[in-house]
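Read the structure below first, then the notes.
What follows draws every value from the coordinates through simple rules; no lab data is involved. Please read all numbers here as calculations on a predicted model, not as lab measurements. So basically every Cβ, Gly included, is an ideal-geometry build from the backbone, and we count neighbours across all protein chains shown.
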Amino acid sequence: MTTHTLPGAPFVAYKHNELFIEGVGLSSLAQQHGTPLFVYSKASMLDALGAYQRGFLGRHAHIHYAMKANSSLGVLQVFAQAGCGFDIVSGGELARVLAAGGQASKVIFSGVGKTRTEMTYALQQYILCFNVESEAEIDVLNEVAASLGQRAPISVRVNPNVDAKTHPYISTGLKDNKFGIAHERALAVYQYAASLSSLDIVGIDCHIGSQITSIEPYLNSVDRVLDLVESIEKAGIPIHHLDFGGGLGINYNGDTPPAADQLWSRLFERLDARGYGQRDIRIEPGRSLVGNAGICITEVLYLKPSDNKNFCIVDAAMNDLPRPAMYQAFHQIIPLQQKQSASMTAYDVVGPICESGDWLGRDRDLSVQAGDHLAVLSAGAYCMAMSSNYNTRARAAEILIDGSQAHVIRSRETITEQIQSEHLI
């Protein structure tokens, strides 16, 4: 059998000119379930997770999947069954973790805007830790914990002012970003938190951004965090775990991020050199675990030539795949069926939403006609999780592939489901 594996997507391949994920041909899925359709590879997720696990051998290290990347229950179940904890940013995400079989005791609650209701819910579930991001939040969490007769475990998220060299919308570690406590204020904030009666300081947290493709920003942030740990512990406040966040990038378009095990080999060299290599380490990867595991299948509706541009109009749109509209992000777009010796035309691949920003790819060389199916690659992260009902469009169905088995993990949304919570006056 002729097999052609795609760069950045090791479990997505052409076999006899048809696109497969693992052992399942995608054309049959499109016919059976309709489009747009998200399809994920379980093997790809576990392969990406395995790279982190190899990097952590012999260490006291724990992986908490940053579920904002993809919070579908079937995806969460894969990581829960693999022993992962979870990084959440809302009470709703905590409810999803529990519904998927995850353990609250392995949950870290991040985010700058936790409400009292969310804090109460998380404390009642006895989560592992809150990553607190402001002095005002510290005061509120202390009050909420006191009202429940509990002590809230906290880790202060420190902003190290390290440039991750990524898109400004997904940069989180600079002093102009909204996240975390300024590096210069961290010691004073720890001392203040230690004085409050309903908080337990358990760690320190740092997260500098997303889609990071080089090691140097991580090394810089490790040094900045360890400098703080030294000063905090000299002040008599023990730090039990070091949380270095996530942010490792994936291959969208020839990107060359380090492999997770190679990254952590370098980071542990730095930790060992400074005497912290056997500390309790926690990380929060998201995109790097699921991004290249997913694709979105879409049908070509119309071809529309013009003097300056040729448009390939498909049935997936910015409500399904918001990253190009939000970040000018690149996703590879390829046919489900390869055509031999086909002539190519450059198209802008666009969706049916009434916005000029509704595009999935610019100037893509394709040989297509109406009725063909295309695959948008690297769609496992920040696509379905950020999808919407704009233009009263239904959210897509989702399929999880496990070898030769295809499991429906989300049914296609109906218009009845969309409007059932609305009321006429």
Query - HN-Hα J in Hz across region 285-298 - Karplus 6.51, -1.76, 1.60, θ = phi - 60°, x for Gly and Pro - result: x, x, 3, 5, 8, 10, x, 7, 7, x, 10, 10, 8, 9
Query raised in the report: What's the local net charge at Ile419, with K and R +1, D and E -1, over the other residues with C-beta under 14 Å away?
Result: -1
Report task. May I ask which residue of Leu400, Leu228, Tyr302 lies farthest towards the positive end of the charge dipole of the chain, with charges of +1 (Lys, Arg) and -1 (Asp, Glu) on Cβ and the Cα centre as origin? Result -> Leu400
Report summary line: When Tyr390, Tyr126, Tyr218 are ranked with the fewest other C-beta atoms within 10 Å first, the list becomes Tyr126, Tyr390, Tyr218
Report summary line: Expressed in nanometres to one decimal, the distance between label points 7 Å along Cα→Cβ at Ala194 and Thr416 is 6.0 nm
Report task. Before anything else, pin down the relative contact order of region 110-285: Cα pairs under 8 Å, at least 6 apart, normalised by residue count, whole percent. Result -> 20 percent
Requested in this report: Tabulate in residue order the Karplus-calculated ³J(HN,Hα) for region 319-335, using 6.51 cos²θ - 1.76 cosθ + 1.60 with θ = phi - 60°, rounded to whole Hz; enter x for Gly and Pro.
Outcome: 6, 8, 10, x, 4, x, 5, 7, 10, 6, 6, 9, 10, 5, 10, 9, x
Report summary line: Residues other than Asp87 with Cβ under 11 Å of its Cβ, Lys/Arg counted +1 and Asp/Glu -1, net out at -1
Report summary line: Sorted by chain and number, the residues with a modelled amide H under 5 Å from that of Ile399, at a separation of 5 or more or across chains, are Phe38, Val39, Tyr40, Ile409
Query raised in the report: What's the center-to-center distance, using Cα atoms, between region 362-384 and region 1-78 in Å?
Result: 17 Å
Requested in this report: Go ahead and estimate [θ] at 222 nm for the chain from helices alone: -39,500 (n - 2.57) per DSSP H run with n ≥ 4, summed, over the residue count, rounded to 500.
Outcome: -8000 deg cm²/dmol
Query raised in the report: Based on Cα positions only, what radius of gyration and what Dmax would you give for region 273-369, in angstroms?
Result: 19.0, 65
Requested in this report: Towards the positive end of the charge dipole of the chain, with charges on Cβ (+1 Lys, Arg; -1 Asp, Glu), say which of Ala182, Ser27, Ile201 has the farthest Cα.
Outcome: Ser27
Report task. Using a/c under 1.5 as the rounded threshold, could you call region 110-285 rounded, prolate or oblate? The axes a ≥ b ≥ c are square roots of the C-alpha gyration tensor eigenvalues, and prolate needs a/b larger than b/c, oblate otherwise. Result -> prolate
Report summary line: Options (1) 1.26; (2) 1.04; (3) 0.90 are given for Cα Rg over 2.2 N^0.38 Å, and the computed one is (2)
**Report entry** Sorted by Cβ density within 10 Å, fewest first, the residues Lys234, Lys339, Lys68
**Finding:** Lys234, Lys339, Lys68
Requested in this report: Excluding Ser44 itself, calculate the net charge of residues whose Cβ lies under 12 Å from the Cβ of Ser44, where each Lys or Arg counts +1 and each Asp or Glu counts -1.
Outcome: -2
Query raised in the report: Amide H neighbours of Phe130 under 5 Å, counting only residues 5+ apart in sequence or on other chains, H built in-plane at 1.01 Å?
Result: Phe109, Ile154, Ser155
Report summary line: If His331, His423, His207 are placed from fewest to most neighbouring beta carbons inside 10 Å, the sequence is His423, His331, His207
Query raised in the report: Taking amide H positions as placed 1.01 Å from N in the peptide plane, with prolines and chain starts having none, which residues 5 or more places from Tyr65, or on another chain, fall under 5 Å of its amide H?
Result: Gly85, Phe86, Asp87
